[in-house]
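K.L.:
Got a structure for you, written out below as structure tokens; questions coming shortly.
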Amino acid sequence: LAQSLLALFASSLAISLVFAIIPLCHNVLVLAVVMAVAGLAMGCIDTISNMQLVKIYQKDSAIFLQALHFFVGFGALLSPLIADPFLSDTNCILSNGTANASSNLPHIRKSLLPHHPGNLSHYELPMKGLVVTRVSYAFWIMALINLPVPIAVFFLLYKERMVPCFNGSSHPLLSADELALETRPGDKDELSTTSQRPLTAAAGHEDLFSCCQSKNFQGASFTYFAVHISGALVLFMTDGIVGEYSGFVYSYAVEEPLAVVHKVAGYLPSLFWGFITLGRLISIPVSYRMKPATMVFINVVGVLITFLLLLIFSSSVVFLFVGTASLGLFLSSTFPSMLAYTEDILQYKGCATTVLVTGAGIGEMVLQLLVGSIIHDRGSYSFLVCGMIFGCLAFTFYALLVFFHRMYPKPSPGKRAPALSTALGWER
């Protein structure tokens, strides 16, 4: 727990620093390095936060994972709204020809869409002069908004006596045995010892990277690896769909046969993320009543049906908006539900979380690149065809996961995860 909180503190602080530095980068290579640091920090936060929720709440982690990912979607919806007032529709560099160049910008934007630019040689844009952009303020505001996060994590470290310099006077928020739950009956004898050593992690999780140690794989069955791989492949496809749909639905809408007005098409990504956020909010109470496996099944089938209807009604602008909202709703809870389902199969070891988060991240990166190149070569209709194929693959990998779940050895009654009352220390 101490290692995870220190990593969260460093990563969240790095994000504030990166956002503060980005407007000061005047070289593309420096900007690339800074963005790489931001990506690394965000990846650490994503993995550690999911993994610790699974370890702490175990059988009840599905509700907390849904809440976590609701805030992920809420942030993705909110941050463009913060940046929007600082984005300029005119040229950002003042020179003698600025007025003429600024008036040409809408025409240039129109010429750049669709993907094959027209002849832009008759437009002159100044490359040198006084920079008057205000977009820097958006980055600095985001850096300030994020700053309370590392402060809150540091406060938690301090209260749990995990800061080396300040571990004498503070009183822990919860006792160590309530934070680091034990899943084996024999561990109850160690609770008094654990409370004396708050820096020690839960038994079986002595190290943040314990899942990667080869000794944990000794004697593991084929189904153990199959569950990890099939679960990661489901998220590879579904998170890849999230990335490619939000990235290319605008380009698809403004091209033939739909030819939606640019301003109207710009609402599609916002609608998509808005319904992802709404779906995650709805999933918090739903996950209390419904099993994660059932939720994932509804999600992948819903995605498949939505893409099928989008292909059938591909010439309807109205259904494009309806389908975008429906797709966001079905994709919203796939990640946290799959995480809860897979960890439930594997008795909440926390190891599957890293594999699944990595698979989702790779899918979001690779499928955007793949779909972008296919759209460029084959036209806009291939955008929906790719989505349909990815949806079919996601359903296939989910079916394989269910098959491997049935083959996976069931845990003994003594190794079942504790209930929510135990997680919150109510049994006392």
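K.L.:
For segment 15-63, which residues satisfy the criterion of being among the hydrophobic types (A, V, I, L, M, F, W, C) and either touching a Gly at 6+ places or on another chain (Cβ under 8 Å) or not in a helix (DSSP H, G or I) (or both)?
P.N.:
Hits for segment 15-63 are C25, M51, V54.
K.L.:
Related question: Which of the residues belonging to segment 144-163 are outside any helix (DSSP H, G or I), touching a residue at least 12 places away in the same chain (Cβ under 8 Å) and in contact with a helix residue (DSSP H, G or I) (Cβ under 6 Å, 6 or more places away or on another chain)? Break it down into steps so the answer makes sense when it comes.
P.N.:
Initial filter on segment 144-163 (outside any helix (DSSP H, G or I)): 147, 160-163.
This time we only want the ones that are touching a residue at least 12 places away in the same chain (Cβ under 8 Å), so: 147, 160-162.
Correct list: L147, M162.
K.L.:
So L320 ticks every box in (1) over 21 Å from H69 (Cα atoms); (2) open to solvent by 10 Å² or more (accessible area, probe 1.4 Å); (3) modelled with pLDDT of 90 or more but one. Which box is left unticked?
P.N.:
(2) is the only condition that L320 fails.
K.L.:
OK, next. Could you list, in sequence order, all residues of segment 300-325 that are polar (S, T, N, Q) and in a helix (DSSP H, G or I)?
P.N.:
The initial filter retains those residues of segment 300-325 that are polar (S, T, N, Q), namely 306, 314-316, 324.
Answer for segment 300-325, where residues must be polar (S, T, N, Q) and in a helix (DSSP H, G or I): T306, T324.
K.L.:
Would you check which residues across segment 251-261 are surrounded by fewer than 19 Cβ atoms within 10 Å (Cβ to Cβ) and touching a helix residue (DSSP H, G or I) at 6+ places or on another chain (Cβ under 6 Å) and list them?
P.N.:
Those that are surrounded by fewer than 19 Cβ atoms within 10 Å (Cβ to Cβ) and touching a helix residue (DSSP H, G or I) at 6+ places or on another chain (Cβ under 6 Å): L258, V260.
K.L.:
Kindly indicate whether F297 is at pLDDT 90 or above, surrounded by fewer than 22 Cβ atoms within 10 Å (Cβ to Cβ) and assigned to a helix (DSSP H, G or I).
P.N.:
On the way: at pLDDT 90 or above: yes; surrounded by fewer than 22 Cβ atoms within 10 Å (Cβ to Cβ): yes; assigned to a helix (DSSP H, G or I): yes.
So F297 passes the test.
K.L.:
Just to be sure I understand the filter: pairs with C-beta atoms under 7 Å, separated by 6 or more residues or on different chains, first member in segment 325-342 and farther than 19 Å from F390 by Cα and assigned by the TED database to the domain that holds S61, second member open to solvent by 10 Å² or more (accessible area, probe 1.4 Å) and not in a helix (DSSP H, G or I). Which pairs pass?
P.N.:
That search, which allows pairs on different chains as well, returns nothing.
K.L.:
Name every residue in segment 341-374 that is hydroxyl-bearing (S, T, Y), within 22 Å of the chain's Cα centre (by Cα) and surrounded by fewer than 22 Cβ atoms within 10 Å (Cβ to Cβ), in order of residue number.
P.N.:
Answer for segment 341-374, where residues must be hydroxyl-bearing (S, T, Y), within 22 Å of the chain's Cα centre (by Cα) and surrounded by fewer than 22 Cβ atoms within 10 Å (Cβ to Cβ): T354, T358.
K.L.:
Can you tell me which condition S315 does not meet? The list is (1) in contact with a Phe, Trp or Tyr (Cβ under 9 Å, 6 or more places away or on another chain); (2) open to solvent by 50 Å² or more (accessible area, probe 1.4 Å); (3) of a type in the set (S, T, N, Q); (4) without any contact (Cβ under 8 Å) to a residue 60 or more places away in the chain, and all the others hold.
P.N.:
Failing condition for S315: (1).
K.L.:
Output the number of residues of segment 375-398 satisfying the condition of being assigned to a helix (DSSP H, G or I) and open to solvent by 50 Å² or more (accessible area, probe 1.4 Å). Step through it out loud before you land on a result.
P.N.:
At the first step, the residues of segment 375-398 found to be assigned to a helix (DSSP H, G or I) are 375-378, 382-398.
Then keep just the ones that are open to solvent by 50 Å² or more (accessible area, probe 1.4 Å); that gives 376-378, 385, 389, 392-393, 395-396.
Residues flagged as assigned to a helix (DSSP H, G or I) and open to solvent by 50 Å² or more (accessible area, probe 1.4 Å) within segment 375-398 amount to 9.
K.L.:
Do we find that K263 is closer than 21 Å to F397 by Cβ and not small (G, A, S) in this structure?
P.N.:
So K263 fails the test.
K.L.:
Further question: Working only within segment 234-293, note down all residues that are outside any helix (DSSP H, G or I) and farther than 18 Å from L329 by Cβ.
P.N.:
Matches in segment 234-293: E255, E256, P257, L258, A259, V260, V261, G266, K291.
The values are calculated or read from the model by the stated rules, or taken from the named source; none is laboratory data. Only a predicted model underlies this, so the values are computations on that prediction, with no experimental measurement involved. Cβ sites come from the backbone with ideal geometry, for glycine too, and all protein chains shown count toward neighbours. Protein only, heavy atoms only, side chains kept; ligands, DNA and RNA dropped before computing areas. Shrake-Rupley method; radii C 1.70, N 1.55, O 1.52, S 1.80 Å.
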